[in-house]
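Take a look at the structure below.
Here, each number is a calculation from the coordinates, and none is a lab measurement. Everything numeric here is computed off the predicted structure, so don't read it as measured data. FYI the Cβ positions are ideal-geometry reconstructions off the backbone, even for glycines, and counts take in every protein chain you see.
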């Protein structure tokens, strides 16, 4: 009997088209979406809720802003530690 007239055995899995593209496979390899407005990850510029717009900043202003933000975050963490352990900081 020629191969095209054979009955397929039902293995419980759907038959895959050998010519189909694996679109879902490529999604795991993509980097996360980056916002071009605030340089944040996980959203696009049209969905951005921040008032910051890095598109209009020069490189120097951008570096200055992110250094200040990092310093503020570090200070905030240190204050939180002092509140958690007041006896250890005195």
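Descriptive notes on the structure:
- Theoretical FRET efficiency, 1/(1+(r/R0)^6), r = Cβ-Cβ of residue 83 and residue 50, R0 25 Å, to 0.05: 0.40
- Residue-span extension gain [residue 43 to residue 75] - 0.36 nm each, minus C-alpha spacing: 8.8 nm
- Where only alpha carbons of the range 26-84 are counted, the Rg and the Dmax (Å): 15.1, 46
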